[in-house]
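What follows is a set of notes on a single structure, which appears directly below.
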Amino acid sequence: MGVFMSIIRLMLHWLGRRTLRVVFGVGDFSLFTGRSFLSLAQTKRLATRIARAVHEQGTVCLPVILIVGVFTGLVLGLQGYHVLSRFGSQGLLGTLVSLSLVREMAPVLASLMLIGQAGSAFAAELGIQRNTEQIAALETMGVNSHGYLVAPRLVAALIVFPIQTALFVILGIWGGSISGSVLLGVDSGVYWSAVHRAVEARDLQECFMKAAVFGLLSMSVCAYQGFHADRNRSAVGARAVSACTTRAVVLSSIAVLVADYIISSFFV
Amino acid sequence: MKNTKLELSVGLFVLLGIAAIAYLTIQVGTGAVGGGDTYLIESRFTNAGGIHPGSSVMVAGVTVGRVEGVRIEPSDFSAIVAMRVLAGLQLPTDSMASIKTTGLIGDKFVSLLPGADATFLKPGMRITLTESAIDLESLIGRMAFGSVNQDKAEKETK
Amino acid sequence: MEPSAYPVALQVECLQKGFNGKSVLRGVDLEVPRGSIFTVLGPSGTGKSVFLKCLANILQPDAGRIRFDGRDLGAGDSAAQDEFRRRCSFLFQSNALFDSLTALENVALPLEQTTTLGKLEILNRSRDALRQLEMEEFLDQYPAQLSGGMQKRLALARAIVTRPELVLFDEPTAGLDPLRRNAVFAMIAKYQRHFNFTALIVTHDVTEALVASDRVALLNQGRIAFVGTPAEFSSSRNPVLSLFRDSAQALGESLTEIRRSHPTP
């Protein structure tokens, strides 16, 4: 009996410790993001820094977005055609492709691709800068490292993610028209009119809002992980950088999917 | 040199992005009735199944408005559908509203068939001539059991 | 940069710092006179770097007081700390150069971010700093393309470009060969005279430090065991001091011994 009670107590302790750690982590992360935005004002040459970040997340990631966008549309068109043709409703293919892209696929997939390309690079860069004392060097110079390293990337994410998502949507709809009406039997006029009819301003609003939220969320998770690469107790040096990059990608992807569910439930 | 290259690529990217967003909102996202004044009319249906806020309102196959809301009329258990219609469109008072479907299993929408009266519907007025949604499921069921006519006759006597 | 009459640039009282219950600094007291080259010597692993990082506020000391120019740098006094950062530079043991920026951009960064100078002025001052360290040809090179000694010079250029009153050097000669070690100390001495800053150096290179410094302190087991001039350091009969001196000398001898017994082909 006594053994049983002490096991229960140990489990409760473990649970409490875990919970406290999560609460501390979330609070610390929020403080980090808030501080980054507040220190925007202290950064000079901000436009150049933001332009560089837009380049990193935008131009550099453009090919990936284009390829993934087209192929997502192609697959949606193909699968959607075969499902809809069972009910004789191929005319709704445009609706299916455009609405699934605008509401869900484009913001989520574009964000995941950007996390994979720009977010991981950002986390690794910050991790190395932490490791080689470059962040400490900034601090000793009196440069606000949050404002200099993190904030421009967060601002850029708010600009870039909606743009990439819009491109993703357009290419996806084109991809759907290629597989649906060029390769398969939907009339292209029917396809496009279904697209135009289906998408409303409200859907686009949801789409761009999601993209901006995902951008901010994923980039700040990546920044947080990279910035605190030295906090990891189990790994140091190059291992710490690789561990923080992995965590950045995994956690920000999860964060995007959770946020997607929450935002969708508000809009539906 | 390096900086100007960066500026150029960022500028091109942002321009492309603005073009994409503009294309989406102007070309694709026209499902909603664009700007302009609208007015509210109502119509009473015995069955408004499948009609939601946001469903299309069409005249002659052209979208002219949106359903604003659907509510129940407690006195006779009928459905009252409120619709916003473009202000430029004047509908005769004897217009008929019916609930139709795009394709076999597509979205339900409200179709307005303009009448011939010389007087027009004013904001807040109610269309009296209506045709409710066809209950596809029971229709198919009845067809399958070959009793469409019999059922219809039964219904009319009710 | 208003010249201050206060004769002590940096004053440390009873500084303590520990990690995970193991105390590294056990009450360090030190006064660094203005305009001097002050060297803190000590065997590896006695917390010299920790001491310097506490001064630069990279690490938070557990207890003790630090006064810069007579002003207390309390943990909560962010205005005093900002002022300290503006007037003080830190030279990292690892140089901590920004590896994605060129040499010129590295030097220009502190000016760009912490001053209100114009673009041209920043460029001129950065070029000046690099010219004084004879690095003019390497303006557009990235740190990774520079040799170790070159990187050290670049780090020094970045440290002095803001015209600081106090420069903290963390093991400036770590990992350099004897010739370069001399060169680094000569460089520090030269620019210290030129710019007239106060230099606080932490190192374990006794010979070079004794030649270049105005004052020397020995940090041993978390406390200051000796403070004085280099001459006093060499002649002191303090047992800790002689032990350290002898061990350094013994190391040198054993190294020469090894070299002698394994002649390079």
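Each reported figure results from applying straightforward, stated rules to the coordinates on display, with no laboratory input. Just so you know, these numbers come straight off a predicted model, no measurement behind them. A quick note on method: Cβ atoms are made from the backbone with ideal geometry, for glycine too, and the neighbour counts reach across all protein chains shown.
Numbers at a glance
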quantity	calculated
At R0 = 30 Å, FRET efficiency that the Cβ-Cβ distance of A:Val258 and A:Leu20 yields, to 0.05	0.90
Beta bridges by DSSP in the protein assembly as shown, antiparallel share as percent, to the nearest 5	65 percent
C:Phe169 long-range amide H proximity, modeled H, under 5 Å	C:Leu91, C:Leu200, C:Ile201, C:Val202
Dimensions in Å of chain C - Rg and Dmax from alpha carbons	19.1, 60
Relative contact order [Cα under 8 Å, 6+ residues apart], the range A:2-267, whole percent	31 percent
C:Gln60 versus A:Arg9: modelled label distance in nm, points set 7 Å from Cα along the beta carbon direction	3.2 nm
Under the Karplus curve 6.51 cos²θ - 1.76 cosθ + 1.60, θ = phi - 60°, whole-Hz ³J(HN,Hα) for the range A:44-51, x wherever Gly or Pro sits	9, 6, 5, 4, 5, 4, 5, 4
Spherically averaged projected area in nm², based on the convex hull that wraps the Cα atoms of the protein assembly as shown	50.7 nm²
Beta bridges per DSSP with both ends in chain C, % antiparallel, nearest 5	55 percent
10 Å binning of all Cα-Cα separations within chain A, expressed as whole percents from 0 upward	7, 25, 27, 19, 13, 7, 2, 0
For the range A:149-164, 3J(HN,Hα) per residue [Karplus equation, 6.51 cos²θ - 1.76 cosθ + 1.60, θ = phi - 60°, Hz, x = Gly/Pro]	9, 8, 3, x, 5, 5, 4, 4, 4, 5, 7, 6, 4, x, 5, 4
Relative contact order [Cα under 8 Å, 6+ residues apart], chain C, whole percent	25 percent
Relative contact order, percent, the range B:38-156 [alpha-carbon distance under 8 Å, six or more residues apart]	29 percent
Ranked list, fewest to most other Cβ atoms within 10 Å of each Cβ, for A:Tyr148, A:Tyr261, C:Tyr142	A:Tyr261, C:Tyr142, A:Tyr148
C-alpha long axis of helix A:201-227 to longest principal axis of chain A, angle in °	30 degrees
Ranked A:Trp14, A:Trp174, criterion: other C-beta atoms within 10 Å, fewest first	A:Trp14, A:Trp174
Placed amide H near A:Val199: partners under 5 Å, 5+ positions off or other chain	B:Gly31
Listed residue pairs exceeding 26 Å between alpha carbons, taken from B:Lys5/C:Lys152; A:Lys44/A:Lys210; C:Lys48/C:Lys152; C:Lys22/C:Lys48; A:Lys44/B:Lys5; C:Lys152/C:Lys190	B:Lys5/C:Lys152; A:Lys44/A:Lys210
